[in-house]
Amino acid sequence: MSSYTKVLVGTDGSASATRAVERAARVAADAGATLLIASAFQPISDRDRQAAINQLGNDAYKVMGSNPAEEALRDAEALAHKNGVEKVETVAEAGDPVDVLVALIDGRKVDLCIVGNRGLNSLAGRLLGSVPANISHRASCDVLIVHTTGGGK
């Protein structure tokens, strides 16, 4: 295969994830590929939802009505278009980030997954595994780990 046709990147809206999205957008634009931007999230439990309603009253609906995953995806999509990507798809799915990304790789026929390096050098990342490390082990496609933390480029 001479170039990538579908590139996947995950985002949680953080600065590190935004840098990964920007790199993914440049790669997808250069390849003329579709950019699939995903955001995994943990749904609010019924107990937590009720606690918020009890504490905030009617204002709880304003807070719970905005989904941080959807907001992160809107921002990432705008960034992708700004970087020249013509075809962008977005998906927000409940679940563990690694599980969600691996399922998308397989289900959407992704041929390149781009993730940031955040977590690779942390103690928790070394002991428990990090998103980039786990993706690199489980993905059935090429994986590009982008340096998104620290001072490097």
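Whether any residue in the range 126-135 is crowded, with 19+ Cβ neighbours inside 10 Å, modelled with pLDDT under 95, charged (D, E, K, R) and over 23 Å from Tyr4 (Cα atoms) is what I want to check. No, because not a single residue in the range 126-135 is crowded, with 19+ Cβ neighbours inside 10 Å, modelled with pLDDT under 95, charged (D, E, K, R) and over 23 Å from Tyr4 (Cα atoms). What's the number of the only condition in (1) under 16 Å from Thr11 (Cβ atoms); (2) modelled with pLDDT under 90; (3) in a helix (DSSP H, G or I) that Arg118 fails to meet? Unmet condition: (3). The set of residues in the range 20-50 that are surrounded by fewer than 19 Cβ atoms within 10 Å (Cβ to Cβ), at pLDDT below 95 and not aromatic (Phe, Trp, Tyr) comprises Gln42, Pro43, Ile44, Ser45, Asp46, Arg47, Asp48, Arg49, Gln50. Working only within the range 8-51, note down all residues that are under 13 Å from Ile114 (Cα atoms) and charged (D, E, K, R). Once the filter is applied, which keeps residues that are under 13 Å from Ile114 (Cα atoms) and charged (D, E, K, R), the range 8-51 yields Arg19, Glu22, Arg23, Arg26.
Restricting attention to the range 12-29, the residues that are within 16 Å of Val110 (Cα to Cα) and either under 12 Å from the mean Cα position of the chain (by Cα) or assigned to a strand (DSSP E or B) (or both) total 2.
The values are calculated or read from the model by the stated rules, or taken from the named source; none is laboratory data. Every value quoted in this text rests on a predicted model; they were computed, and no experiment measured them. Every residue, glycine as well, gets a Cβ built from its backbone with ideal geometry; the counts of neighbours run over all protein chains shown.
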